Each structure stands twice: as structure tokens, then as C-alpha cells.
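I have a structure here, written as C-alpha cells, and I will follow up with some questions on it.
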Amino acid sequence: MKWQTRFAVSAVAVVLCVAGCASSSPSGGSSASSLGSLTDVLGSSLGLSSSQATGSVGSVLSLAKGKLSSSDYSKVATAVPGADQYIQKAKDAGAVPEGGIKDKSGLDAAYSKLGISPEVGKQITPVVLDYVGKAGGSTVQGLLGSVLK
């Protein structure tokens, strides 16, 4: 039951964060504030540092960018403002190789390079998927989910 409770808490945190960011962003939804919101949720719910949270999201988005068609990836990127910033930060941290992340094992390797344990790495996906679902709807969530299986 532990992971179910943690997931529920994470989901509630994402919903509150998305609602708060949408209503209180001083710049009307700047990518910088959105970039912080998802990383804050990952940090508070999974104990990740800011750089680990940012790198992990960038790694997930790198995988999505490599696996989805450009139009489908665009839908995912629209749901995660600052998507290019996430990917760049993950590259800068050494988590994303030059050609991008190609598969789930590459994603696991990226987490390892960020100092994230496999146990915590498995918990990142549901948080990111929930965020994308809240921000972009179930269709966009399904697109991202299809590459994370």
C-alpha cells in the first residue's frame, strides 16, 4: 500500500501545483514558473534535488521526443511549458546523450547519471504522467505513457 499512498499524495500535489501555477503566475504562465512547478512536485514528493528533478523531466521528454512523431511530441511539449529547457538541462547534466534517449533502459541510465536510485526512478513516471494528464488531457497523457512502457 505504500506506493499507492505515495502516488495519491503525488497526484494531489501535482493537481494543487498546476492549479496554483495557473492562477498565480505573475507572467501569465511563463515557462520558467512552469518549469519550477513540476520540479517542485518531484522534489517534494520524491525527495529529488532541483537538478535531479529537472534532469529527470528532461530525460522523459527526450525519450518522448525520440519516440513520438513530431506532431504528437508537440502536444506533449505544449502540456509541459519549457520542455526544451528541461531537455537542455538534462543534457547539460550529462543525463541525455547527444542522440537523445532511445528507450526505457536509456531513461534508467539517465536517472542513474543524475544520482537517482532505480526505486525512485520508477516513481518519477507516474508523477510526470499525472502532470501531463492534468495539463494536456488524457489523450496527451496517453501519448507520453505509450513511450514510457
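Where a number appears in this text, it was derived from the coordinates with a stated rule and is not lab data. Bear in mind that the values here come from a model prediction, so they are computed numbers and not experimental data. A quick note on method: Cβ atoms are made from the backbone with ideal geometry, for glycine too, and the neighbour counts reach across all protein chains shown.
Under 15 Å Cα-Cα from K122, which aspartates and glutamates qualify once same-chain neighbours fewer than 8 residues away are excluded?
D103, D108, D130
Can you sort Y131, Y73 so the residue with the fewest Cβ neighbours within 10 Å comes first? Spell out each step's value before the answer.
Numbers: Y131 27, Y73 19.
Going from sparsest to densest Cβ surroundings: Y73, Y131.
Provide E119, E98 in ascending order of the number of other Cβ atoms located within 10 Å of each residue's Cβ, fewest first. Let's see the in-between values first.
On the way: E119 9, E98 5.
Fewest to most other Cβ atoms nearby, the residues stand as E98, E119.
Which lysines, on any chain, are close to K89 with Cα under 18 Å apart, when same-chain ones fewer than 8 places away are left out?
List returned: K65, K102, K113.
For the peptides 38-47, 140-149, what is the packing order when you average, over each peptide's residues, the other Cβ atoms within 10 Å and list the highest mean first? The partial results should precede the final answer.
On the way: 38-47: 20.6, 140-149: 17.3.
Highest to lowest by the protection proxy: 38-47, 140-149.
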